[in-house]
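What follows is a set of notes on a single structure, which appears directly below.
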Amino acid sequence: MMINFRNPAADRPRCDRRLTGMNSAADGYGSSCIMSMSLDGCGKEQLKTQFVTREGVYKLLTLATYSRPNRIGYNVQTNTSVRVSFVGYSPSDTNGNNDRMCFNIGRELYVFYYKGTKKGADLTKPIDKKLYKGISPTCHDFNSTAITEDSLPLIVGFSTGLVQLIDPVRKDVSVLFNEEKIIDKTKVTCVKWVPNSKHLFLASHASGQLYLYNETFTCGTTTPSYQQVKSGEGFTVHTCKTKSTRNPMYRWLIGGDYNSINEFAFSPCNLYLAVVSQDGFLRIFHYDKMELIGMARSYFGGFLCVCWSPDSRYIVVGGEDDLVTVYSISEHRVIARGQGHHSWVSVVAFDPYTSTPPSMEPCLPGYYRLGSVGHDTQMCLWDITDDILHHVTLVSPLPVTSKQNGVINNTKHNVNANNVQKQTQDPMRLIGTTACPRFDQCPRLEPLICKKIAHDRLTALIFREDCFVAACQNGYVYTWARPGTITSLNAHLVSDPNSIMSSLDLPSLNSTSAV
């Protein structure tokens, strides 16, 4: 599949480019895209500090914004996105310091106590801060299973392929994986601890490889030799051929060499792994069985982000087609697309505190609240309602001979990793099928709200009980209070928004941090 790339910083779509060679499949996409451009007016909008939904008013807590201690904007001459990770620990903490937050800015990594909507950001007292030389952190994840009062395991991936285990509390912990780059030389795109494991984590790379590590094992000093243990359409799984166990324990090659894995996510039920790649595919695996159970294809370009609904029934993906795509696990098909962004969708996230999953009782319909942010600096909120979830369309099934009841069965093939791409047929065959219905073949979602909340592209979105957190590329992590959470005790956090926002709107001033 040929992927057309656009400038990641571009705020407006190129409808003419997207429509080239796609008219037969678009069925109206181009005209609606042009309409959205004209409605936007192509003018510079003012940042929003509050917006209204049916729940009430969401407000930006200007004094609860996290960034560099000096609040100087970052010189965004790097493609390393600002990412945010959270972890909570509560048993004996009576000071309201239950949550820890990590975020990266350029070559820097910060860990803070996170106060939420209770107190403002104290940037003078980080739990830990690191400045790396010559490399940039690209992703990170706390181990919520292993956290204690005295230990806070944090795994960090880097632009050079290096992976590091650190402990912001103990300080003396620093374990390096792939230090010599003999496992993989490409950027680490996503790292996640395996659910309910104290020692296992996964790391994906721009090379299209996904590696399973055990933090108690060492990496070898020579290039690993692999043996195939599983394969299926578009993927193979290998294990290291060594006399003693070492890292990586397993290597997955998904979609072919140098087909970047952009993100992956475990389902809340811990059974499944969803992977999105630059080839425009969402692939869903039964993790323990290493079996492909479903797939979907983007309407245009690559998929960049993925998330699961709280009940593991649905997957939402976003990417370079500027759309939000909803996939049903039980029905093994794309059930809806959301159109509201004017550029690439960088993050999608369900809001578990506002969603009401469908009940078994037919008289109690449910709905899901979804959020998305993108390179257009916009945040969109979407409601996926019961009529969307149960909408029936006539779409062709997946043209896969080994498919039964919508599930892709896996068989072993005598192929090596370099031939994995050949197992996948022409992706264009999926246009008009359950994996990629044409634009008029599935329901179209309209955003509940769509607001500009940053001056640079947005790179993180996390929903919490009392707020949601968003981050943008120039290094600011914003806290937005949910309706009803502003009281006399924290009203000062939203005071004087104009002066605070003017300081956050400054152009990048620190050129020494550019990578």
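The values are calculated or read from the model by the stated rules, or taken from the named source; none is laboratory data. As the structure is a computational prediction, the values presented were derived from the model and not from experiment. Positions of Cβ are backbone-derived with ideal geometry, glycine not excepted, and every protein chain shown enters the neighbour counts. Surface areas here come from the heavy atoms of the whole protein model, side chains and all, with no ligands, DNA or RNA. Shrake-Rupley method; radii C 1.70, N 1.55, O 1.52, S 1.80 Å.
Points to keep in mind about this one:
- List 182, 155, ordered by accessible area with a 1.4 Å probe, largest first: 182, 155
- Looking at segment 298-338, the pairs of alpha carbons with a distance over 16 Å make up 30% of the total.
- The alpha-carbon atoms of segment 198-346 define a convex hull whose volume equals 116 cubic angstrom per residue.
- Sorting 383, 322, 440 on solvent-accessible area from highest to lowest, probe radius 1.4 Å, gives 440, 383, 322.
- Unsatisfied cross-links (Cα-Cα over 26 Å) in the set 185/452; 133/171; 181/241: 185/452
- Residue ranking by accessible heavy-atom surface, 1.4 Å probe, largest first, among 479, 218 comes out as 218, 479.
- Cα lying deepest toward the dipole's positive end in segment 126-265, options 204, 189, 250, charges on Cβ: 250
- Separation of segment 214-262 from segment 155-185 is 18 Å, based on Cα centroids.
- Rolling a 1.4 Å probe over the protein heavy atoms leaves residue 55 with an accessible area of roughly 70 Å².
- Cα convex hull, segment 294-391: 88 Å³ per residue, rounded to a whole number.
- A straight chain from residue 270 to residue 135 at 0.36 nm per residue would run longer than the Cα-Cα distance by 45.4 nm.
- Fraction in percent of alpha-carbon pairs per bin - 10 Å, segment 258-348: 19, 55, 24, 2
- Grouping the Cα pair distances of segment 230-275 into 5 Å bins from zero gives a pair-distance distribution of 5, 16, 20, 24, 21, 11, 3, 0 percent in increasing distance order.
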